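Read through the structure below, which is laid out as structure tokens, and then see the notes.
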Amino acid sequence: MNVYKSAKEAVKLIKSGDRVLIHGVNAVPFSLVKAMVERADELKNVEIIHIHTEGEAEYAKPEYQDSFHVNAFFVGANIRSAVNEGRGDYIPIFLSEVPGLIRKGILPIDVVLLNLSPPDKHGFCSMGVSLVGALPAAETAKIVIAQINPNMPRTHGAGFIHVNDIDVLVESEDELPEQILPEPNEIEMQIGKFCTELVEDGATLQMGIGAIPNAVLKSLVNHKDLGVHTEMFADGVIDLVEKGVINGRKKVKFPGKVVSGFIMGSKRVYEFVDDNPSIAMLDISYVNDTKVIRRNPKVTAINSAIEIDLTGQVCADSIGTYHYSGVGGQMDFIRGASLSEGGKPIIALPSTTRKGISRIVPFLKQGAGVVTTRAHVHYIVTEFGIANLYGKNLHQRAKALVEIAHPKHREELNKAVFERFKV
């Protein structure tokens, strides 16, 4: 029978050379991570893997580079310098394929550190707000260490683990990180309104967290019978659920339920999902599977980009060679939406950076990663309108993209179009 131990005692099971997976996004087990970092002098070459994580990642600091090496599926702000300075690495992969890497033994896990809800009367704990990576790791890791945290929401779906399958339990009351978004600005609201024009009644939505998704959700109050099947969602969904705009009646997969793989947001969203049977937290290999996504009607997937070239190539994970984020689930849903009956894959972004540099460019920066190819892209939306690139040739695409670029950059872009296509 497993017993409760201190975090300091629990992490003694981690050995030099181990591969350790940390529960990701807002489910980071901070007490366990802190205790692990405190053992840095005793450990060498411990590989830390995870998707995006919130909060400070002390193990990624320069002073710990002999003890810990980050190998991430997604580059968040807390490990960005480590990855770009050579103290860490980035694994480019579709989010849907992360569980397979673990289950197939391509990335076998020695130790998994989890942040779980207290066990119910049957002994089952919930993985709460994040299943990505943690679920397959809990199934396959040699050692499972879990902090039992009353602040972790108990969510319905696939993210349960029995206390008998946990090697070491640690009591914790870590607060979950919150993301409080400011109100969308004028540009973001305009982008949101254009995106809303593409959303039909009865559509199934996928969108993430941020100003533009927030603006889209604010603009959907007059729609009907929307559903949600998404890799993640935040607070903006709640208002539409409470108004009856999102009810999932038209969905084929899990009708009536909001389907997701992880959650980010404020305490409001944590309270909303806690013990809520209308929320189904499922394995990301299922949520992001294109053959599952396409079964729902009118899948409308709204994703973002760093820059887009005149042929429609979408860079979303790097600024040149500088690793900024990750592939994530963009391609999973862009492709899934395009295969859905009446589906609409959308890339939405401001026409310029905060410094006024055009995001629509003649050529992607040297070393930039193409996340969504020009063969996959359909709709591009900026604050200046909607460009539908589907079925258009290269010259037609370029002209359509110039029309939604910022006016101060259109002359320069038109010159680039002429130089490239001689038209």
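A Förster radius of 41 Å combined with the Cβ-Cβ distance from Ser16 to Glu242 puts the calculated FRET efficiency at roughly 0.20. The phi-based Karplus calculation (6.51 cos²θ - 1.76 cosθ + 1.60; θ = phi - 60°) puts the 3J(HN,Hα) values of region 299-315 at 4, 10, 9, 10, 10, 10, 8, 8, 7, 9, 8, 5, 9, x, 6, 10, 9 Hz, whole numbers, x for Gly and Pro. The label point for Asp66 and the one for Glu412, both projected 7 Å from the Cα toward the Cβ, are 4.8 nm apart. A prolate overall shape is assigned to region 186-421, the ratio a/c of its alpha-carbon gyration tensor axes (a ≥ b ≥ c) being 1.5 or greater and a/b exceeding b/c. If you take the square roots of the eigenvalues of the alpha-carbon gyration tensor of region 174-287 and sort them as a ≥ b ≥ c, do you get rounded (a/c under 1.5), prolate (a/b over b/c) or oblate? Here region 174-287 falls in the oblate category. For region 120-136, the Karplus equation 6.51 cos²θ - 1.76 cosθ + 1.60, evaluated at θ = phi - 60°, returns couplings of 7, 5, 9, x, 9, 9, 9, 7, x, 8, 7, 10, 5, x, 5, 5, x Hz by residue, with Gly and Pro reported as x. What do you get for the angle between helix 407-421 and the principal long axis of the chain? Use alpha-carbon atoms, 0 to 90 degrees, nearest ten. With both axes taken from Cα atoms, the answer is about 80 degrees. For the pair region 124-167 / region 214-261, the C-alpha centres are spaced 26 Å from each other. Using the alpha-carbon centroid of each, what span in Å lies between region 169-209 and region 368-423? Computed from Cα coordinates, the inter-centre distance equals 26 Å.
Maximal additional length on extending the Glu186-Lys422 stretch stands at 81.3 nm, based on 0.36 nm per residue less the C-alpha distance.
Amide H contacts of Asp89: Val70, Asn71, Ala72, each under 5 Å away and 5 or more positions distant or on a separate chain (H built 1.01 Å from N in the peptide plane; Pro and chain starts excluded). Rounded to the nearest 500, the helix-only mean residue ellipticity at 222 nm of the chain stands at -6500 deg cm²/dmol, with each DSSP H run of n ≥ 4 adding -39,500 (n - 2.57). In order along region 239-253, the phi-based Karplus estimate (6.51 cos²θ - 1.76 cosθ + 1.60, θ = phi - 60°) of 3J(HN,Hα) comes to 4, 6, 5, 5, 7, x, 5, 9, 9, x, 5, 8, 5, 8, 8 Hz; Gly and Pro are listed as x. Give me the angle, in degrees from 0 to 90, between the Cα long axis of helix 186-198 and the longest principal axis of the Cα atoms of the chain, rounded to the nearest 10. That helix lies at roughly 80 degrees to the long axis.
Note on the chain: dipole from Cβ charges, positive end direction compared against Pro277, Cys195, Ala137; the farthest Cα belongs to Cys195. The chymotrypsin sites (Phe, Trp or Tyr not before Pro) of region 336-423 that meet both conditions, a loop assignment by DSSP and at most 15 other Cβ atoms within 10 Å of the site Cβ, are Phe363, Tyr390. Taking other C-beta atoms within 10 angstrom as a stand-in for reagent exposure, Glu231, Glu58, Glu175 fall in the order Glu175, Glu58, Glu231, fewest first. The charge dipole of the chain, taken about its Cα centre with unit charges on the Cβ atoms of Lys, Arg (+1), Asp and Glu (-1) only, comes to about 1600 debye. Ranking Ala7, Ser126, Ser67 by how far each Cα lies toward the positive end of the dipole of region 4-171 (charges on Cβ) leaves Ser126 at the top. Geometric descriptor of region 4-171, per residue, is 101 Å³ (volume of the convex hull of the Cα atoms). For Lys5, a cut-off of 25 angstrom between C-alpha atoms picks up these lysines, skipping any fewer than 8 places away in its own chain: Lys15, Lys34, Lys44, Lys121, Lys142. Taking the chain as the reference, fit the longest principal axis to its C-alpha atoms, fit the long axis of helix 394-403 to the helix C-alpha atoms, and give the angle between the two in degrees, 0 to 90, nearest 10. The helix 394-403 is inclined about 90 degrees to the chain.
Every number here is computed from the coordinates shown, using simple stated rules; none is lab data. Computed from a predicted structure; not experimentally measured. Quick reminder, even Gly has a Cβ in these numbers, built from the backbone with ideal geometry, and neighbours come from all protein chains shown.
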